[in-house]
1. Residue check, B:Thr77 against (1) more than 22 Å from B:Phe165 (Cβ to Cβ); (2) open to solvent by 40 Å² or more (accessible area, probe 1.4 Å); (3) not small (Gly, Ala, Ser), all met but one. Which one?
2. Kindly evaluate C:Arg90 against the criterion of being within 10 Å of chain D (Cβ to nearest Cβ) and open to solvent by 50 Å² or more (accessible area, probe 1.4 Å).
3. Do we find a residue being touching an Asp or Glu at 6+ places or on another chain (Cβ under 9 Å) and farther than 18 Å from C:His23 by Cβ anywhere in the stretch C:99-106?
4. How many residues does the stretch B:134-148 contain that are under 15 Å from B:Asp87 (Cβ atoms) and open to solvent by less than 30 Å² (accessible area, probe 1.4 Å)?
5. What is the residue count in the stretch D:4-21 for residues that are of a type in the set (S, T, N, Q) and assigned to a helix (DSSP H, G or I)?
6. Filter the stretch A:93-110 down to the residues that are among the basic types (Lys, Arg) and loosely packed, with under 15 Cβ neighbours inside 10 Å and list them by number.
7. Filter the stretch A:155-196 down to residues that are farther than 28 Å from B:Asp133 by Cα and outside any loop (DSSP other than H, G, I, E, B) and give me whichever is farthest from the other protein chains (Cβ to nearest Cβ).
8. Has the stretch A:89-101 got any residue that is more than 15 Å from the chain's Cα centre (by Cα) and on the phi > 0 side of the Ramachandran plot?
Protein chains: 4
Amino acid sequence: MSPKVSETYKEEKRAAILTGALHCFVEKGFQATTVEDIVRRLGISKGALYGYFASKEEMYIQMANARMDDMVASLSTQFKGLPGAADKIRYLFDRFRKQSLLELRKWVTFHLDFMIYASRNPDLIESHDRYMDKALHVIQDIMEEGRRTGEFRSDLDASSAAYLFWSVRDGLALHFLLGGDEKNYRKILDDMEKMVLRFLASAPV
Amino acid sequence: MSPKVSETYKEEKRAAILTGALHCFVEKGFQATTVEDIVRRLGISKGALYGYFASKEEMYIQMANARMDDMVASLSTQFKGLPGAADKIRYLFDRFRKQSLLELRKWVTFHLDFMIYASRNPDLIESHDRYMDKALHVIQDIMEEGRRTGEFRSDLDASSAAYLFWSVRDGLALHFLLGGDEKNYRKILDDMEKMVLRFLASAPV
Amino acid sequence: MSPKVSETYKEEKRAAILTGALHCFVEKGFQATTVEDIVRRLGISKGALYGYFASKEEMYIQMANARMDDMVASLSTQFKGLPGAADKIRYLFDRFRKQSLLELRKWVTFHLDFMIYASRNPDLIESHDRYMDKALHVIQDIMEEGRRTGEFRSDLDASSAAYLFWSVRDGLALHFLLGGDEKNYRKILDDMEKMVLRFLASAPV
Amino acid sequence: MSPKVSETYKEEKRAAILTGALHCFVEKGFQATTVEDIVRRLGISKGALYGYFASKEEMYIQMANARMDDMVASLSTQFKGLPGAADKIRYLFDRFRKQSLLELRKWVTFHLDFMIYASRNPDLIESHDRYMDKALHVIQDIMEEGRRTGEFRSDLDASSAAYLFWSVRDGLALHFLLGGDEKNYRKILDDMEKMVLRFLASAPV
DNA sequence: CATGAATGAGGCTTCATTCAT
DNA sequence: TATGAATGAAGCCTCATTCAT
């Protein structure tokens, strides 16, 4: 009933570990980050780390979920102040634009690296799916809202549109992973925004 | 198996090695494929392999380039029979649609895995850039053609549009890397096609 | 065998590894000694070894430095009881004479092998230079002392003389690396001693 | 009775291979030179090379012997014109002085590298001994001549003195293998010459 | 609970030598 | 004879995970 240390302590430690690990994964990618990197940054022992997480994988999954939940929560808050569906989409593109290419690259590495890893380990796919679903739902809700309010076309498939939205954005990130300059990146982001909004808004074919 | 062989022999062996390695890379990804995997599959010795390629990296690069060149050549041929720029874009989406999700996943793994690896090895970035440039140029040419013929908007930035095209497509592939069903995939591909064509064709803003 | 051990434990283990490696290097030379040889001899794993030393090279360098420091310290102590510079030189030749040819050969192998290796790896040259400097300085000090006290000629270049001293000695070791009998070796050592002392003592030309 | 190709041809080819291999060994040392290096330089095949020499070792031994014979022959010729034993020693030191440090280093690497290698392979020791004996005899003859003519002390042990001569010289080379500047090298060479001549010439103790 | 030394399989690459052509 | 592709045993080093303290 009463563990040696309080649950709160454990929870905080968990979070602290996740934060430290996040920095490492973001800096070097999942595969290239060693457990040694993580514990060195945190100033804890490997044993301690393995007391909280069963494996490097598990750390990644929990961390990704936490991040995703944060992002979803943050977006929900922001969205409250935005009247329309199109505004929300624009807001998202603004966010993308604000992120530097360097930042973007780090996140892309962080995610892609694990996706590749997961794609060869069936156990991880489900975890990752749940993770991605959250991102999809945020967008899907916007799409449905837009269709309801008439901002977006009436024949819009909200789910497909959500996929499409992220594909567009992640594909761009992907193409700028290894090179490309900031200016070019933002130009395409502008084009993408126009393209997406036009597609969403356009009258049914 | 023997020396002073014809150039043909060597070329064929090279190709055979590349084919074998391709299977491995596609199956397990670049990082997870070991040289041992490749030589076991081919039934040759490691020394033999290193007689043809200086490193695992070089095998990947040459293989990717060969594949890219083939694709570019094949597209060029196909494009000869297609009158307009929009037709060419449509043809490309048709090709994407014909590819099974399984196939797609293999290729995504093949590419992404190496990109992640390359992103941490500056020497490789240049190689990869050259590789990607080929794909970009194929599309850029179409964009320029479309603008010239008036099929596409007059203010179209061919280079950005090429980036955008591939981003859209690769982003989709990315999102279906770990899951998703064939039907959904094709539905989104249809939407994408519409979205892209509408964007390209629309009058200047 | 276990963690959070005392610094003493680690220091002892370090020393133990160095001792084991020393045996191997002395027995087979630097290049021919494999990491496998060392860990087998010590009964530890490769990982354990690499926890203490970053590379085979580093093991060698630290080992050589430790040995050199010991030798310098031992000589310093001995020299305290010796009144003159010539006495110190004589003492050194005595030490050389006491060393068996077998011993000598091992040490020559130990050093030469690494020198050859280092001569092709610029990074290592500096390390090795520092190492040799220590030996040179010990002798240089004697030369300066002798010049000051008038035991040695007044125009003696202490630095050159130090080089000369070691060259003479190491050259001899070199020539007995592959063959030669103990008696002959000692006879030449006697001659060398006379030759060197006469050179040092002789009046300016 | 009559081989396919003339003995002359074979002999010339042997010599050509040896010359090419010499360049390689001198440039990179024995261990670091690969058979591939040698055949590439010569423009012949490995099979051809192995038709003339059973191993890399054998090439080295024969090459070293040839070089030594050349050197001995060259010295013999030079010595004809030199009236005294001391002159001959002085001539040798002149030769040493004429050699650049770069040249010297190459030769030292060439020899040392193989000595280390040989010291672990008993079969090779004998070969190497014979090789060194030639060098020793050249000097021994001078020593004996000097003693006979009264130029050198009457109690001189010609064999020991020969050892001593080479030790002095090779030891110096050794110390300049990894570093040191030309000027310093020559200064010590001068000192050595004085030291050696004084030792040889001095009256019995 | 925390510690961190130890494990050890496994990764990539090299190269003297052989032998089918 | 000449050729050079092929061999394959080593070599050095990494790192997720465990477990005695």
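The values are calculated or read from the model by the stated rules, or taken from the named source; none is laboratory data. Values in this document were obtained by computation on a predicted structure and should not be read as measured data. Every residue, glycine as well, gets a Cβ built from its backbone with ideal geometry; the counts of neighbours run over all protein chains shown. Ligands, DNA and RNA are stripped out before the accessible areas are found, and what is left, the full protein with its side chains, is counted by its heavy atoms. Shrake-Rupley method; radii C 1.70, N 1.55, O 1.52, S 1.80 Å.
1. Single failed check for B:Thr77: (1).
2. no
3. yes
4. 5
5. 2
6. Correct list: A:Arg95, A:Arg97, A:Lys98.
7. Checked the stretch A:155-196; the qualifying residue farthest from the other protein chains (Cβ to nearest Cβ) is A:Ala158.
8. Within the stretch A:89-101, not a single residue is more than 15 Å from the chain's Cα centre (by Cα) and on the phi > 0 side of the Ramachandran plot.
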